[in-house]
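Enquirer: I am attaching a structure below and will ask some questions about it afterwards.
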Amino acid sequence: MTLITTTEELAAVCRRLARHPFVTVDTEFLRETTFWPKLCVLQLASDEEAVAVDALAPDIDLIPFLDLMADRNVVKVFHAARQDLEIVWKMSGRLPEPLFDTQVAAMVCGFGDQVSYSELCQTLCRVAIDKSSRFTDWARRPLTQAQVTYALADVTHLRDIYRALVGQLESSKRTGWLADEMRTLLSPATYEQHPDQAWERFRSKLRKPRDLAVMMDLAAWRESEAQTRDVPRSRILKDDAMIEVATAAPRSVDALGDLRAVPRGMDKSRLGPDMIAAVERGLARDPKSLPRLDKDRRGTGGGGNGATVELLKVLLRQVAEAHGVAAKLIANVDDLEAIAASDDADVPALDGWRRTMFGAKALDLKNGRLALTVEGGKVIALEWQDGDRPDA
């Protein structure tokens, strides 16, 4: 089996791969017991070869791989790249560029939202992927032939998928659309984990400004603790316990220990006083400085815009189907809610190709210049002509 276990072998492979216009890349990692992903195996392929690299081998330094990822003369092709890119970013502080994500490209080409690699293999390559090793323990050594064969399949068929999607993008003149999406994936901000932003994962669960104030400091504390110890957030404190602490706002370790969701004994550990200190910091925040709670997500009907949002959803689906683009790529619910609230909303759906395809129509629908109707079982959009509007 083609398995690289030394730095010398890896360097030689990367030198060969660097001669090609593109390489396909994938990783196998574990994250169940760590905060940061633990890279176990990485796979690389060109038109001439495909190799698996044992990232846990004792005599290997991955610098040649990282240098290849930074080579601007070689396109790096991934499928659903975000977690793979997070690994590269964490290891080197650099991101693979230029980049091509086949999942995003497939969305641009109308294959639906978040199409899987196996679906693209079946559709574009007429190949069925053996997923029997999908949930294998990639940290266990030695790696088996079955594991390596499975891993290599994730980069060998990717070569043909890449070519097929490039062809479709060029023929449909949508290459620039993909470039817009790659800019987000290539932004360091996408992978930076800021403790002071950790509260946002609880936004939809918070009910009162005081809850938000406490959660902002409590979530920042848990995030910092998890990163420092390299353990999952839930290993520090589970989400349901976080919410209970934020809403109860205990001001002593004894009060903390009385909360049902807090693990027994945590109040007496080192973490107990740290949690109380975080609660106190939250309670001390100036209410005027707090971010605004998203009332639209707390059952208020979008501040009276609920019906408009629902109509925009219908229009989005109609536009996506008409143009053969994944709806999720054009706009998300947050975009629709923002458009319903303001014609000048600062959202991607009102910029660039998205505005041309959907955003302008969304504003017309919202402002009565566009109507939706059904013909032949399909939703179609009708622009009102002068004098045709019912209220004209």
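The values are calculated or read from the model by the stated rules, or taken from the named source; none is laboratory data. These figures come from a predicted structure and were not determined experimentally. Cβ coordinates were reconstructed from backbone atoms using ideal geometry, including for glycine residues, and neighbour counts include every protein chain displayed.
Enquirer: Taking only pairs six or more apart or across chains, which ones have beta-carbon atoms under 9 Å, a first residue in the range 306-335 that is within 18 Å of LEU169 (Cβ to Cβ), and a second residue that is at pLDDT below 90 and assigned to a helix (DSSP H, G or I)?
Expert: Going by the 9 Å Cβ cut-off, the qualifying pairs are LEU329/GLU181.
Enquirer: Another question, then. Within the range 262-269, is there a residue that is farther than 30 Å from SER92 by Cα and either of a type in the set (A, V, I, L, M, F, W, C) or touching a Phe, Trp or Tyr at 6+ places or on another chain (Cβ under 9 Å) (or both)?
Expert: Initially, the range 262-269 is screened for residues farther than 30 Å from SER92 by Cα, giving 262-269.
Going one step further and asking which of them are either of a type in the set (A, V, I, L, M, F, W, C) or touching a Phe, Trp or Tyr at 6+ places or on another chain (Cβ under 9 Å) (or both), we end up with 262, 266.
Taking every residue of the range 262-269 in turn, at least one turns out to be farther than 30 Å from SER92 by Cα and either of a type in the set (A, V, I, L, M, F, W, C) or touching a Phe, Trp or Tyr at 6+ places or on another chain (Cβ under 9 Å) (or both).
Enquirer: Out of the residues in the range 140-176 that are closer than 22 Å to TRP353 by Cβ and basic (Lys, Arg), state the one that is surrounded by the most Cβ atoms within 10 Å (Cβ to Cβ).
Expert: Taking the candidates together, the pick is ARG174.
Enquirer: Right, another one. In the list PHE135, PHE111, PHE100, which residue meets the criterion of being part of a strand (DSSP E or B) and either more than 18 Å from VAL25 (Cβ to Cβ) or not basic (Lys, Arg) (or both)? Reasoning before the result, please.
Expert: Details: PHE135 fails: part of a strand (DSSP E or B); PHE111 fails: part of a strand (DSSP E or B).
Answer to the check: PHE100.
Enquirer: Follow-up. Kindly indicate whether THR24 is of a type in the set (Val, Ile, Thr), in contact with a Leu (Cβ under 7 Å, 6 or more places away or on another chain), assigned by TED's automatic domain parsing to the domain that holds GLU9 and not in a loop (DSSP other than H, G, I, E, B). Reasoning before the result, please.
Expert: Values: of a type in the set (Val, Ile, Thr): yes; in contact with a Leu (Cβ under 7 Å, 6 or more places away or on another chain): yes; assigned by TED's automatic domain parsing to the domain that holds GLU9: yes; not in a loop (DSSP other than H, G, I, E, B): yes.
It is true that THR24 is of a type in the set (Val, Ile, Thr), in contact with a Leu (Cβ under 7 Å, 6 or more places away or on another chain), assigned by TED's automatic domain parsing to the domain that holds GLU9 and not in a loop (DSSP other than H, G, I, E, B).
Enquirer: Report the residue count in the range 169-206 for those that are small (Gly, Ala, Ser) and under 23 Å from PHE111 (Cα atoms). Walk me through it before giving the result.
Expert: Filtering the range 169-206 for residues small (Gly, Ala, Ser) gives 171-172, 176, 179, 187, 189, 198, 204.
Add one more test, that the residue is under 23 Å from PHE111 (Cα atoms), and what stays is 171-172, 176, 179.
Of the residues in that region, 4 qualify.
Enquirer: Looking at the structure I just gave you, is ARG159 over 30 Å from GLU49 (Cα atoms), touching a residue at least 24 places away in the same chain (Cβ under 8 Å) and among the charged types (D, E, K, R)?
Expert: Details: over 30 Å from GLU49 (Cα atoms): no; touching a residue at least 24 places away in the same chain (Cβ under 8 Å): yes; among the charged types (D, E, K, R): yes.
Spelling it out, it is not the case that ARG159 is over 30 Å from GLU49 (Cα atoms), touching a residue at least 24 places away in the same chain (Cβ under 8 Å) and among the charged types (D, E, K, R).
Enquirer: Among the residues of the range 138-166, how many are among the aliphatic types (A, V, I, L, M) and not in a helix (DSSP H, G or I)? Working first, answer last.
Expert: Here is the first cut: in the range 138-166, the residues among the aliphatic types (A, V, I, L, M) are 139, 143, 146, 148, 151-153, 155, 158, 161, 164-166.
Next, only the ones that are not in a helix (DSSP H, G or I) stay: 139, 143.
The qualifying residues number 2.
Enquirer: If you don't mind, there's one more thing I want to ask. Could you tell me which residue of the range 302-315 is modelled with the lowest pLDDT, considering only residues that are exposed (fewer than 12 other Cβ atoms within 10 Å of the Cβ) and outside any helix (DSSP H, G or I)? Walk me through it before giving the result.
Expert: Taking the range 302-315 as the starting set, the residues that turn out to be exposed (fewer than 12 other Cβ atoms within 10 Å of the Cβ) are 303-304, 307.
So of that shortlist, the ones also outside any helix (DSSP H, G or I) come out as 303-304.
Numbers: GLY303: 53, GLY304: 64.
Selected residue: GLY303.
Enquirer: Determine if the range 65-73 includes at least one residue that is loosely packed, with under 15 Cβ neighbours inside 10 Å, assigned by TED's automatic domain parsing to the domain that holds ASP154 and over 16 Å from ALA18 (Cβ atoms).
Expert: No: zero hits.
Enquirer: Same structure, new question: Return yes when ASP61 is in a loop (DSSP other than H, G, I, E, B), of a type in the set (D, E, K, R) and more than 15 Å from PHE22 (Cβ to Cβ) and no when it is not. Steps first, please.
Expert: Values: in a loop (DSSP other than H, G, I, E, B): yes; of a type in the set (D, E, K, R): yes; more than 15 Å from PHE22 (Cβ to Cβ): yes.
For ASP61, the condition - in a loop (DSSP other than H, G, I, E, B), of a type in the set (D, E, K, R) and more than 15 Å from PHE22 (Cβ to Cβ) - is met.
Enquirer: Oh, and also: I'm told PHE100 meets every condition in (1) more than 23 Å from TRP177 (Cβ to Cβ); (2) in contact with a strand residue (DSSP E or B) (Cβ under 8 Å, 6 or more places away or on another chain) except one. Can you identify the failing condition by its number?
Expert: Failing condition for PHE100: (1).
Enquirer: Output the residues belonging to the range 342-357 that are buried (at least 16 other Cβ atoms within 10 Å of the Cβ) and farther than 21 Å from GLN103 by Cβ.
Expert: Residues satisfying the conditions are ALA345, VAL347, LEU350, ARG355.
Enquirer: Any idea which of ARG222, ARG134, ARG183, ARG126 is at pLDDT below 95 and over 25 Å from PHE22 (Cα atoms)?
Expert: Values: ARG222 fails: at pLDDT below 95; ARG183 fails: over 25 Å from PHE22 (Cα atoms); ARG126 fails: over 25 Å from PHE22 (Cα atoms).
The conditions single out ARG134.
Enquirer: Output the residues belonging to the range 316-338 that are more than 20 Å from the chain's Cα centre (by Cα), crowded, with 18+ Cβ neighbours inside 10 Å and under 24 Å from GLY176 (Cα atoms).
Expert: LEU316, GLN318, VAL319, ALA320
Enquirer: All but one of (1) under 30 Å from LEU169 (Cβ atoms); (2) modelled with pLDDT of 90 or more hold for LYS378; which doesn't?
Expert: Condition (2) is where LYS378 drops out.
Enquirer: Looking only at residues that are without any contact (Cβ under 8 Å) to a residue 60 or more places away in the chain and among the charged types (D, E, K, R) in the range 267-285, which one is surrounded by the most Cβ atoms within 10 Å (Cβ to Cβ)? Outline the logic, then answer.
Expert: Here is the first cut: in the range 267-285, the residues without any contact (Cβ under 8 Å) to a residue 60 or more places away in the chain are 267-277, 280, 284.
Subsequent filtering for residues that are among the charged types (D, E, K, R) retains 267-268, 270, 274, 280.
Numbers: ASP267: 21, LYS268: 13, ARG270: 7, ASP274: 15, GLU280: 13.
Residue satisfying both the conditions and the ranking: ASP267.
Enquirer: Residue check, LEU85 against (1) in a loop (DSSP other than H, G, I, E, B); (2) out of contact with any strand residue (DSSP E or B) (no Cβ under 6 Å at 6 or more places or on another chain); (3) surrounded by 22 or more Cβ atoms within 10 Å (Cβ to Cβ), all met but one. Which one?
Expert: (1)
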